[in-house]
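Below is one structure, written out as structure tokens, with a few remarks after it.
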Amino acid sequence: MLITIAKFFHLMSLVVWIGSIIFFSFFGAPSIFKVLDRSLAGDVVGSIFPKYWMIGYVCSSIALGTLLFLRKSGAENTTARIILLSVMLVTVFFSGMVVGTKARTIKVEMRATEDVVMKELIHKDFIRMHGISMMMNLAVFIMGVVVIFNMAYYIKM
């Protein structure tokens, strides 16, 4: 029964995590930017990001923890999935705690600056951080799809 519970939480954490990436990246954020002006949309999305990353922090920890438990108990034996989930966990924590924090700081600095030339330089730095964040998000999404496919491939029905 404990193995079944661990499998449930493992699968549920992946479904919630990858599902949130799909919803936010392909539906939520684009819709917000389509309906609201750019500045307000940025504020709304900026308000969502801490919660978005928290989903990643919690779900990646649960997914990796349950997989390690399942492997130790002999129910699962997939080193590839452990490696992918480890990389995903590190990536989501780095994205939220380092890149996201830097982007928020840059955004505040950009709004506080009156100098047009300085504002443009700060904006370029923000665009760079945003690009890094998007690439990390895409990488986590792709690895997550691979992990889920790997699970589906090895499921015994």
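Compute the length gained on full extension between Met118 and Ala152: take 0.36 nm times their separation in residues and subtract their Cα-Cα distance, giving the result in nm to one decimal.
Numbers: separation 34, 0.36 × 34 = 12.24 nm, distance 5.11 nm.
Additional length available on full extension: 7.1 nm.
Please state the charge dipole magnitude for segment 3-142, taken about the Cα centre, from unit charges on C-beta atoms (+1 on K and R, -1 on D and E), reported in debye and rounded to the nearest 20. Kindly include the intermediate steps, with their values, before the conclusion.
Numbers: 14 positive and 8 negative charges, 78 e Å.
In total the dipole reaches around 380 debye.
Quick check: from the Cα gyration tensor, does segment 53-100 come out rounded (a/c under 1.5), prolate or oblate?
On the way: a/c = 4.53, a/b = 2.28, b/c = 1.99.
Taking the square roots of the gyration eigenvalues as a ≥ b ≥ c, segment 53-100 is prolate.
Given a 1.4 angstrom probe, what's the average accessible area per residue across the chain, in square angstrom?
Heavy-atom SASA per residue in the chain reads 62 Å².
Using the crude model of +1 on Lys and Arg Cβ and -1 on Asp and Glu Cβ, and no other charge, please compute the dipole size for segment 1-72 relative to its Cα centre, in debye to 20.
Numbers: 6 positive and 2 negative charges, 63 e Å.
In total the dipole reaches around 300 debye.
Can you list the aspartates and glutamates whose alpha carbon sits under 19 Å from that of Lys124, skipping same-chain ones fewer than 8 residues off?
Result set, ordered by chain and number: Asp43, Glu109, Glu114, Asp115.
Let me have the relative contact order for the chain, percent, based on Cα pairs under 8 Å that are six or more residues apart. Please report the intermediate quantities before stating the final value.
Values: 114 pairs, mean separation 43.6, N = 157.
Relative contact order comes out at 28 percent.
Relative contact order for segment 95-157: what is it in percent, counting Cα pairs under 8 Å that are at least 6 residues apart?
Details: 24 pairs, mean separation 23.0, N = 63.
It comes to 36 percent, rounded to a whole number.
Run the helix sum for the chain: -39,500 (n - 2.57) per DSSP H stretch of 4+ residues, divided by residue count, reported at 222 nm to the nearest 500 deg cm²/dmol.
Working: 6 runs with 132 residues, N = 157.
-29500 deg cm²/dmol, from helical runs alone.
Return the single residue from Leu68, Leu121, Leu14 with maximal mean-square fluctuation; model: Gaussian network over the chain, springs between Cα atoms under 10 Å.
Leu121
In a Debye calculation with equal point scatterers on the alpha-carbon sites of the chain and no solvent, what is log10 I(q)/I(0) at q = 0.10, 0.12, 0.18, 0.20 Å⁻¹?
Log10 I(q)/I(0), no solvent term: -0.43, -0.58, -1.05, -1.22.
Given R₀ = 35 Å, what would the calculated FRET efficiency be for Val108 paired with Ser86, taking r from the Cβ atoms and rounding to 0.05? Write down the numbers at each step before the final one.
Working: r = 33 Å, r/R0 = 0.93.
Step by step, r from the Cβ atoms, then E = 0.60.
With all protein chains present, how much of the accessible area of the chain (probe radius 1.4 Å) comes from carbon and sulfur, to the nearest whole percent?
Carbon and sulfur together cover 74 percent of it.
The values are calculated or read from the model by the stated rules, or taken from the named source; none is laboratory data. Just so we're clear, the structure is a prediction, and the values are computed from it rather than from any experiment. Every residue, glycine among them, receives a Cβ derived from its backbone with ideal geometry; neighbour counts consider all protein chains shown. Heavy atoms of the whole protein, side chains included, go into the accessibility calculation; ligands, DNA and RNA do not. Shrake-Rupley method; radii C 1.70, N 1.55, O 1.52, S 1.80 Å.
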